[in-house]
Amino acid sequence: MKQVAIVGIQGVPAKYGGFETLVENIIGDNGSPEVSYTVFCSGRDYDTRMETYKGARLKYVPLFHANGAQSTPYDIVSMLMTLKGYDTVVVLGVSGCLFLPIYRLLYRKRLVVNIDGLEHRREKWGRFAKKFLKASEAMAVKWADVVIADNKGIQDYVQETYHKPSALIAYGGDHVLTNVTEDRTKEVLQAYGLQADGYAVSICRIEPENNSHMILKAFAEVGKELVFIGNWNRSDYSRKLKEEYRGCKNIRMVDAVYDIEVLYVLRSQCKCYVHGHSAGGTNPSLVEAMYFGKPILAYDVVYNRETTENKAMFFKNSAQLQALLQQKTAGNGEALREVAKRRYTWKHIAEEYEKLY
């Protein structure tokens, strides 16, 4: 049996982001009985510490949170805890990868690194952080036995920048499908004051790189209904947007929603989904949205075109998004659902990871 360690995430059960959702879905029923996982979790971020979850062993890293400024020492300590007993170590993200030249002197077995979505290009980072992340990315590509790219655009970047091939593995999205009764659907719509097929939905972290300002400006000017779910109190950027647009009666700025039934209703009953991400490779929220068979209006960047096989409708600025919102003919949501079912199931993703071990 293969002993596989996973490091670089907050932990499971998933309660944070894309990598956590990835791990949540490649362990358990989607995984092979021939693979035994150990997932390293932040001792600071979990009040309840389980020994096992979905068949995976959980080990807790003391002292550090998994995200923010502590992510680098957290990843390094996690790596040091994997030196014995594992046939393969999977590192998710590049925060701690400047440590890899030393780590590779100590750990000689298989190392797999998912470099995520070109972190050094994200607008939220300052100049020093961007240089640090770019250097970390370079170390990840140099020292990993296998580099994982989650999008063809990222794979091309790795080849062009580092002249090294990478494995292309995206994310699944079928975990969003659930059974919701008609009464529950009506209850959720009523709670939010919505009519089925009468509003758009957008779900993201409220950050400049996700073009939250562009989306809000377009909806404010065109007057169409929008339910915008995100972390509205996390940063100066998000708080300023919330204050600026709080008077728009057609826009509902909703704090993060974790209830899967509520999310299912809001996405399954909307008229369209708006995706403003400009970075990050294959965005899990976009893959999830594709499963609902709704038209998708996506920011025009290579990653979103690759993810949707060019079957979404694309915009580059607020004016173009307004024009799309005012069109009488909607895009082909069923074509997007077909792509999702063909490419983005967790069973398939789990198998692709296991091939690398």
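The values are calculated or read from the model by the stated rules, or taken from the named source; none is laboratory data. Note that the structure is predicted; figures quoted are calculated from it, not measured. As a convention, Cβ positions derive from the backbone with ideal geometry for all residues, glycine included, and neighbour counts pool all protein chains shown. Side chains included, ligands, DNA and RNA excluded: accessible areas come from the protein's heavy atoms. Shrake-Rupley method; radii C 1.70, N 1.55, O 1.52, S 1.80 Å.
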Are any of the residues in region 237-254 in contact with a Gly (Cβ under 7 Å, 6 or more places away or on another chain), within 23 Å of I296 (Cβ to Cβ), open to solvent by 50 Å² or more (accessible area, probe 1.4 Å) and touching a residue at least 24 places away in the same chain (Cβ under 8 Å)? no
What number of residues within region 9-27 satisfy the criterion of being assigned to a loop (DSSP other than H, G, I, E, B), open to solvent by 20 Å² or more (accessible area, probe 1.4 Å) and touching a residue at least 60 places away in the same chain (Cβ under 8 Å)? 1
Please enumerate the residues belonging to region 28-54 that are over 22 Å from I76 (Cα atoms) and buried (at least 22 other Cβ atoms within 10 Å of the Cβ). G31
Matching option when the condition is out of contact with any Lys or Arg (no Cβ under 7 Å at 6 or more places or on another chain), surrounded by 22 or more Cβ atoms within 10 Å (Cβ to Cβ), among the small types (G, A, S) and in a helix (DSSP H, G or I), among S78, S95, S71: S78
The lone condition E209 fails out of (1) at pLDDT 95 or above; (2) open to solvent by less than 50 Å² (accessible area, probe 1.4 Å); (3) in a helix (DSSP H, G or I); (4) farther than 30 Å from D183 by Cβ is (1)
Just one of A218, A289, A298 is assigned to a helix (DSSP H, G or I) and closer than 29 Å to N179 by Cβ; which is it? A289
Scope region 179-206; condition in a helix (DSSP H, G or I) and either open to solvent by less than 30 Å² (accessible area, probe 1.4 Å) or not acidic (D, E) (or both); matching residues: R184, T185, K186, V188, L189, Q190, A191, Y192
Out of region 262-283, which residues are open to solvent by 10 Å² or more (accessible area, probe 1.4 Å) and among the aliphatic types (A, V, I, L, M)? V262, L263, A279
Mind telling me which of the residues Q190, Q155 ends up being under 22 Å from V227 (Cα atoms) and either under 26 Å from the mean Cα position of the chain (by Cα) or at pLDDT 95 or above (or both)? Q190
